[in-house]
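Single-structure report; data block below.
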Amino acid sequence: MRSTAHTGEEKLRGSDSIEGSPSRTVARVCVDSALPHLDRPFDYLIPGSLADDVTIGTRVRVRFAGRLVNAVVVRLADASEFKGKLTPIHSAAKTPSYTARALELAQAVARRYGGSLWDVLRLMAPPRVASLEDRDWSEPVAEVARYQAAAENFRPDDAPGLDIHELGRGARVVWQALPEPDRESATPVHALAAAAVAAAVHDQSAIIAVPDARSLRAVKVELERLGLRPWTVRSGGEFAVLDSDDGANARYGSYLAAMHGLAKIVLGTRPVALQPVPSLGFVAIWDDGSPTYDDPHAPYWNARSVAGWRADLEGAGMLMASYAPTVESLALVDYGWAELAAQERTKVRSTAPAIEAITDEKRTAEGASGWHWMPGSVWRAARDAVAKGPVAIVVPRTGYVRAVACADCGAWAECLECGSALRQDHVQAPLICRDNEHPQPHWHCANCQGQRIKQVRQGVERIAEQVRAMAKDVAVTISSGPTGPIPDGEITEGFVVATPGAVPAVPGGYAAAVVIGAEAPASGGLGAEVKAVRWWLSVAALVRSRGDGGRVYLVGALPDVARRALETWDPVTASQEALAERKELGLPPARRSIQLVGEPPAITLALSVSVEGARIERHHDVTVSPTKDGALLLVTRRSAQAVIDALRERQQQLSKDGELGFRMRVDGPLTL
């Protein structure tokens, strides 16, 4: 292989501009390789025929280890430290896919998470579409006048408790959002759009990250209502949408348009946090506690964290907005990095619906009907409410029946072959093993030998079936991922039986909502109680205000901290208490977590690495706990990056030596 790594440690001082350097003859590239020890730049010769195309950020094809591979140019140089003959670049894209600043961001993300630069670059930019690269990407630039016209439609009530103009001046705010009066969406689209437009008015770029397709559509509709157009290759536009459901042309075109500043506002899901833009003035993360912001691919980055670094790097304003501010976002307030914009109690009471938790005590006091999956008192209230408007019945499980038990002794029904829980896919379906799909035609209870079953964990489809039987005179609509989510605004009457993320908004809001199995998200995992608060406030945000008769019933044994937060609509106190507890116990976000996965010999080698003169396993800033597949490290924030860097170096050395390595996940979700 006629190429060499550049070993210099100079930090890129990137800009947003795209400039060629035809006088330079050496390109340092990052190659597509899964091997950790190849995560370093290699030098290649820029042939004269490609001199006008190859610049920083250009995607190229190079010959590496005897085959053609993809690569990205990260630097240009006049000469190489390699003493042999350099291999020329084989081919190059006509248009760069990254700016120098984007490469700097990618390197920072890779280092923070102990991953490779190529993995971040792969996640940052969508696949190339060669036909788009011949386009003139210098025009047409969106007119500031269009953003100014949109800004005139903003009303102060669109963002209660939030100063839109301070965000444009670099403020970093954790905002406790409230439901918008029209209840057209579970997302506070007016506030998000207004803040983005305020940045665009000053000729700055704005990024809005949302957790799912429903929120994406809602914000897009609001921007269009303000008179802004989604960017297209044919007609341009004022905002770019990065939607994974779009075709390759639309995705790559919107990406390049945003990178070149042709559209000042960029809207998308998790990947938009990495989107290169010129002159970033504002970045927003809606519902930052959503697990969709954790990328499931190496290096497992989080969109909120990346957005925060960008705000720091470029002096931009940042908004972390949620009905239930997360422990992680309030930690940033605690550190002094951001300020909290909470709501006045009078505003909460006038805006939010009444929430009542149906506790075990209340169910017992009601008698036998209280222990039905739909307690009698709650069903009577739902029947009364449905005459006044749609009623949502929210079920935290998909499918038909997710688990069954012996009807005689109550023991869980388990697969006779592997011990897995059993499920039932419809009313006449046979029992089947949930994990391995072993059929159970002759199932019997291992505890009492009984053969009768009872349904324990009913899914949304089974609940909908029962609601139809209980209310034959009322329309019943089901909305879930497997059955197909119902779009916002389509339902005007009847019962809507839905999973939490698939509850559609209805005009004017639901008359009532009933949550079945409200305890489901509150069990297991660090922060489960806060997760329950987040889930059910997002549902409650779709219900009419207390003054308009809106009520939410939570059926299930919720922890006291979650119940209080929900009934009083005070999620901030719950998250602050959780943060104080974690600080005392030394848990994230007070410390950073590093999960190591590998065979015991590899984990032993990893923990033997020296950091600041001490082995990791004995370091005073590191707590090591063995796990079934490796080890969990809890590290002080002071020492975390040094530990990550040392572990990455050990990974690379093991890879270079051809030895068995280990995987590393930084700041991932924890189950304690």
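Condition test on Pro140, is it at pLDDT below 95, in a loop (DSSP other than H, G, I, E, B) and within 28 Å of Gly247 (Cβ to Cβ)?
Details: at pLDDT below 95: yes; in a loop (DSSP other than H, G, I, E, B): yes; within 28 Å of Gly247 (Cβ to Cβ): yes.
Judged against the criteria, Pro140 is a match.
Considering each residue of the range 413-437, count those that are open to solvent by less than 60 Å² (accessible area, probe 1.4 Å), within 16 Å of Val401 (Cα to Cα) and assigned to a loop (DSSP other than H, G, I, E, B), and give that number.
5
Test of understanding: among Ala110, Ala145, which residue is without any contact (Cβ under 8 Å) to a residue 12 or more places away in the chain and assigned to a helix (DSSP H, G or I)?
Exactly one residue qualifies, and that residue is Ala145.
Does at least one position in the range 337-357 carry a residue that is open to solvent by less than 70 Å² (accessible area, probe 1.4 Å), among the acidic types (Asp, Glu) and part of a helix (DSSP H, G or I)?
No, the range 337-357 contains no residue that is open to solvent by less than 70 Å² (accessible area, probe 1.4 Å), among the acidic types (Asp, Glu) and part of a helix (DSSP H, G or I).
Please work out which residue is nearest to Pro390 (Cα to Cα), limiting yourself to the range 458-474 and to residues that are in a loop (DSSP other than H, G, I, E, B) and open to solvent by less than 50 Å² (accessible area, probe 1.4 Å).
The selected residue is Val474.
Being farther than 15 Å from Leu117 by Cβ and assigned to a helix (DSSP H, G or I) is the filter; apply it to the range 37-80 and report the residue that is least open to solvent (accessible area, probe 1.4 Å).
Among them, the one singled out is Leu50.
Pick from the range 351-361 the residues that are modelled with pLDDT of 95 or more and of a type outside the set (Val, Ile, Thr): which of them is nearest to Trp309 (Cα to Cα)?
Applying the filter and picking the extreme gives Ala352.
Would the range 582-592 turn up any residue that is over 22 Å from Gly289 (Cα atoms) and in contact (Cβ under 8 Å) with a residue 60 or more places away in the chain?
No, the range 582-592 contains no residue that is over 22 Å from Gly289 (Cα atoms) and in contact (Cβ under 8 Å) with a residue 60 or more places away in the chain.
Within the group Pro88, Pro140, which residue is more than 22 Å from Val277 (Cβ to Cβ) and open to solvent by 50 Å² or more (accessible area, probe 1.4 Å)? Before you say what the answer is, go through the steps one by one.
Values: Pro140 fails: more than 22 Å from Val277 (Cβ to Cβ).
Step by step, each of Pro88, Pro140 is checked, and only Pro88 is more than 22 Å from Val277 (Cβ to Cβ) and open to solvent by 50 Å² or more (accessible area, probe 1.4 Å).
Suppose we keep only residues that are under 13 Å from Ser97 (Cα atoms) and loosely packed, with under 14 Cβ neighbours inside 10 Å within the range 123-133. Which one would you say is farthest from the chain's Cα centre (by Cα)?
Ala130
Name the single residue, out of those in the range 262-307 being of a type in the set (Gly, Ala, Ser) and in contact with a Leu (Cβ under 6 Å, 6 or more places away or on another chain), that is farthest from Tyr98 (Cα to Cα).
Among those that are of a type in the set (Gly, Ala, Ser) and in contact with a Leu (Cβ under 6 Å, 6 or more places away or on another chain), it is Ala284.
Matching residues to (1) open to solvent by 10 Å² or more (accessible area, probe 1.4 Å); (2) assigned to a strand (DSSP E or B); (3) touching a Lys or Arg at 6+ places or on another chain (Cβ under 7 Å):
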| position | (1), (2), (3) |
| --- | --- |
| Ala505 | no, no, yes |
| Arg534 | yes, no, no |
| Leu537 | no, no, no |
| Gly547 | yes, no, no |
| Leu554 | no, yes, no |
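With Ala193, Ala206, Ala186 as the choices, which residue is in a helix (DSSP H, G or I), aliphatic (A, V, I, L, M) and crowded, with 24+ Cβ neighbours inside 10 Å?
Just one listed residue meets the conditions, Ala193.
With Ala102, Ala149, Ala145, Ala108 as the choices, which residue is open to solvent by less than 20 Å² (accessible area, probe 1.4 Å) and small (Gly, Ala, Ser)? Can you show your working first?
Details: Ala149 fails: open to solvent by less than 20 Å² (accessible area, probe 1.4 Å); Ala145 fails: open to solvent by less than 20 Å² (accessible area, probe 1.4 Å); Ala108 fails: open to solvent by less than 20 Å² (accessible area, probe 1.4 Å).
The unique qualifying residue is Ala102.
Just give me the residues in the range 397-450 being under 21 Å from Glu519 (Cβ atoms), at pLDDT below 80 and either in contact with a Ser or Thr (Cβ under 8 Å, 6 or more places away or on another chain) or among the small types (Gly, Ala, Ser) (or both), in sequence order.
Ala403
Among the numbered conditions (1) at negative phi; (2) crowded, with 21+ Cβ neighbours inside 10 Å, tell me where Gly509 comes up short.
Tallying (1) at negative phi; (2) crowded, with 21+ Cβ neighbours inside 10 Å, Gly509 fails exactly one: (1).
Say we look at the range 638-660 and pick out the residues that are part of a helix (DSSP H, G or I), open to solvent by 70 Å² or more (accessible area, probe 1.4 Å) and touching a residue at least 60 places away in the same chain (Cβ under 8 Å); which of these is nearest to Leu38 (Cα to Cα)?
Lys656
Does at least one position in the range 27-36 carry a residue that is of a type in the set (D, E, K, R), at pLDDT 95 or above and buried (at least 16 other Cβ atoms within 10 Å of the Cβ)?
Yes - at least one qualifying residue is present in the range 27-36.
On the basis of being crowded, with 17+ Cβ neighbours inside 10 Å, touching a Lys or Arg at 6+ places or on another chain (Cβ under 6 Å) and closer than 30 Å to Glu339 by Cα, does Pro521 make the cut?
yes
The values are calculated or read from the model by the stated rules, or taken from the named source; none is laboratory data. These numbers were taken from a predicted model, which means no experiment stands behind them. No Cβ is skipped: glycine too gets one built from the backbone with ideal geometry, and neighbour counts run over all protein chains shown. Keep in mind that these areas ignore ligands, DNA and RNA; they rest on the heavy atoms of the full protein, side chains included. Shrake-Rupley method; radii C 1.70, N 1.55, O 1.52, S 1.80 Å.
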